[in-house]
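Below is one structure; the comments refer to it alone.
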Amino acid sequence: MVYTVLYGFSIGAILYFISIGLSLTFGTMRVVNFAHTLTYSIGVYILITLIPWLKGAFIPAAAGAILAIIPISYLIERLIIRRLYGESLDYTFIATFAITLIGVDTIKLIWGVNPLPFSAPMNAYLNFWGITFPVYRILIITIAIALFLGLEIFFRKTIMGKIVIAALEDKDGVRCLGVRVDKYFSLMFILGSGLAALGGVLYAPISAVHPYMGLSILLLAFAVVIVGGMGNLRGTFISAFALGMVMALTARYWSQGAETMVFIVMAIVLCFRPIDI
Amino acid sequence: MEAKKMGMGEKTDDFTPRGTRAGLELFVIAIGFFVLTPLISMHRVKDFMIFCIFALSFDLLYGYMGRLSFGHLLYLGTGAYCFGLFIKYGLNNAFLAMLLGVLAAGCLGALLGLIMVRATGACFSLMALAFNHIGFFMVLSPLKHITNGEDGFGAHAQPIAFLNFNNKGVLFAIVLVALLAVYYILRRLTLSPYGILIRSVKEDETRVRFLGYPTYFYKWLTFVIASLIAGLAGTLTALNYKFVNPNVMDVHQNVGVVFACLIGGAGKLYGALIGGVVYMLISNYLAIYIQRWEMFLGIALLIIVFRFRRGIWGYVESLGGYFQRRKATHPAG
């Protein structure tokens, strides 16, 4: 049972990394970003490429992968997402899905179609009261909590964070104050993509690496964002961990049903609280 | 149904030669597919037509009512599976199985529609995607003992009277009749006051509700009709391939029908037909010449979204001429 809870928290942490960007993009730009987890998979692939190059050092390679995402996500934002402001949701949906298709095909072109092998960078275990914990999962949870606190401070204390929070509430109002909202949106997009890449880099060692890996986790991230409320950052945090726990508990008793249970929860939530977007 | 009698009931009646015109359109479509047959093989044209039926059902939902479903394949898959399972475990009667498949897809649509149509925009799309995912998972894992999981199962329908379902000519005729019937029904529906109502829902739902129409019911009804037609496409798929596997409701294949609908011109029945044929041509032939055809599809989708929103039929329509001008006043294709 302890393992299940730990597993649930680590899945929740990963979901949090990925859905925070999705929630931000939707809240500020009103764009449902299907291409969000593209950066997640590209990050993982870059990590795999960098690791032999850096002679197996995981942390520099991970940092490199996240840094490499920044120009890519900037290009996506600048060339595609920016043109979609104010468009109807259908078109943003289709356009970002098109980016995903292009991206997945590019991954196939560069790294091939077959799944790549990749294993956990640390196999250390921690012993507590006779129960062993895998250090790696604990590390993921710690990073998630640190990130949550960091983002809370960022959005409450810094001027940039305050502008973004204000723009989530009322974009035009902020623009009227003479703030260049687009610039901040761009930064938020890059931040979100970077966090998705971080999620990918941390999750890759405990999952499979293949070109479509982004699409399967994307659906889960959407479920998290819908359950937590689009553009609601704390809601995203709570729902990420709650759904992570749902996945872990389901997997304990019925291993194939884990992902499906998340969607059932999402459907139930939507029945009682339909979101008009 | 009272709402149907009100509204613009009289207006559609000044299509005096409606019967003949509908007949002409059906004739043109049939001729179009017959012309395609010698150019590409008959087997392929059959696939094209099945896909066109599916595109038409999607167009009703997206083009007419403005609900982008990213999980419409669920209903196609339901139709296909019910058809296959009935053939395999129940009676080996293709027509009964088709009826059952269509009804099953309709029932599923009626049930899920109760929840689905409450949402709009992205929420609707994501819910459709989620339900499609659940359906895909159901046939893959919990129902594995009857659906045979990933491998799928064969569904060989026995001949009924002179209809031998192994003969591709017979299959071609069945699919063509189904396509023409679906086209005719949808044409009547979209030209009727009901069609105007669902287009109004797309434009401004609040206003329609303000006028006193029960929009929830009409949205649900449209959803059920679209599910029924998608189910029909599913049963035809299973009848055609004599084989059912989870790929028929693979979540990632949904983009195909969205693409077809957009490239042909959303909100036009002709658009859905042209888009269906164009998409099938691309996916069948481009894949032979260009290995990276998904990338091509992505780029084409981007171009459509940014530069080419009216689709092929939209441009054909605006070419002018008497016929087109008359169409423009009654925008239903």
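Where a number appears in this text, it was derived from the coordinates with a stated rule and is not lab data. Keep in mind the model is a prediction, meaning the values are calculated, not measured. Please note: Cβ atoms are built from the backbone with ideal geometry, for glycine as well, and neighbour counts cover all protein chains shown.
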- Message: Given a Förster distance of 30 Å, report the FRET efficiency between B:His43 and B:Ala110 from their Cβ-Cβ distance, rounded to the nearest 0.05.
- Response: 0.30
- Item | Estimated FRET transfer efficiency when R0 is 25 angstrom, pair A:Leu177-A:Ser88 (beta carbons, to 0.05) | 0.35
- Provide the FRET efficiency to the nearest 0.05 for the B:Phe34-A:Ser207 pair, computing r from the beta carbons and using R0 = 41 Å. 0.20
- Task: For every helix of n ≥ 4 consecutive DSSP H residues, a contribution of -39,500 (n - 2.57) applies; sum these over chain A, divide by its total residues, and give [θ] at 222 nm rounded to the nearest 500 deg cm²/dmol.
- Result: -25500 deg cm²/dmol
- region A:161-277, relative contact order in percent, only Cα pairs under 8 angstrom and at least six apart counted: 15 percent
- Please report the orientation-averaged projected area of region A:14-211, defined via the convex hull of its C-alpha atoms, in nm². 12.7 nm²
- Query: Nearest 10 degrees, 0 to 90: what angle lies between the long axis of helix B:168-191 and the longest principal axis of chain B (Cα atoms)?
  - Reply: 30 degrees
- Item | Label-to-label distance, nm, for residues given as B:Asp204 and A:Leu79 (7 Å Cα→Cβ offset) | 3.9 nm
- Query: Any idea what angle helix A:233-253 forms with the longest principal axis of chain A, computed on alpha-carbon atoms, 0 to 90 degrees, nearest 10?
  - Reply: 30 degrees
- Task: Over chain A, calculate the relative contact order: mean separation of alpha carbon pairs under 8 Å at least 6 apart, over the residue count, as a percent.
- Result: 39 percent
- Task: Using the Cα centre as the reference, give the magnitude of the dipole from point charges on the C-beta atoms of the protein assembly as shown (Lys, Arg: +1; Asp, Glu: -1; all else neutral), rounded to the nearest 20 debye.
- Result: 700 debye
- Using Cα pairs closer than 8 Å and at least 6 residues apart in sequence, work out the relative contact order for chain B, in percent. 30 percent
- Query: Say a site is exposed when it is one of the trypsin sites (Lys or Arg not before Pro), sits in a DSSP loop, and has at most 15 other Cβ atoms within 10 Å; what is then the longest site-free stretch of chain A?
  - Reply: A:56-179
- Query: Most mobile of B:Leu100, B:Leu91, B:Leu211 per a Gaussian network model of chain B (Cα springs, under 10 Å)?
  - Reply: B:Leu211
- Equivalent-ellipsoid semi-axes (√(5λ), Cα gyration tensor) for the protein assembly as shown, whole Å, largest first? 43, 29, 23
- Give me the angle, in degrees from 0 to 90, between the Cα long axis of helix A:213-228 and the longest principal axis of the Cα atoms of chain A, rounded to the nearest 10. 60 degrees
- Note on the structure: Per DSSP, the loop-located chymotrypsin sites (Phe, Trp or Tyr not before Pro) within region A:1-32 having at most 10 other beta carbons within 10 Å are none
- Query: Where in region B:148-231 are there chymotrypsin sites (Phe, Trp or Tyr not before Pro) that are in a DSSP coil and have at most 12 other Cβ atoms within 10 angstrom of their Cβ?
  - Reply: B:Phe162
- Query: Fully extended, how many nm does the chain gain between B:Leu163 and B:Ile290 (0.36 nm per residue separation, minus their Cα-Cα distance)?
  - Reply: 41.8 nm
- Query: Do the sum for chain B: with -39,500 (n - 2.57) for every DSSP H run of n ≥ 4, divided by all residues, what is the mean residue ellipticity at 222 nm, to the nearest 500 deg cm²/dmol?
  - Reply: -22500 deg cm²/dmol
- Message: For a 19 Å ceiling on Cα separation, which of these pairs sit above it: A:Lys162/A:Lys183; B:Lys88/B:Lys144; B:Lys46/B:Lys219; B:Lys46/B:Lys168; B:Lys202/B:Lys268; B:Lys88/B:Lys242?
- Response: B:Lys46/B:Lys219
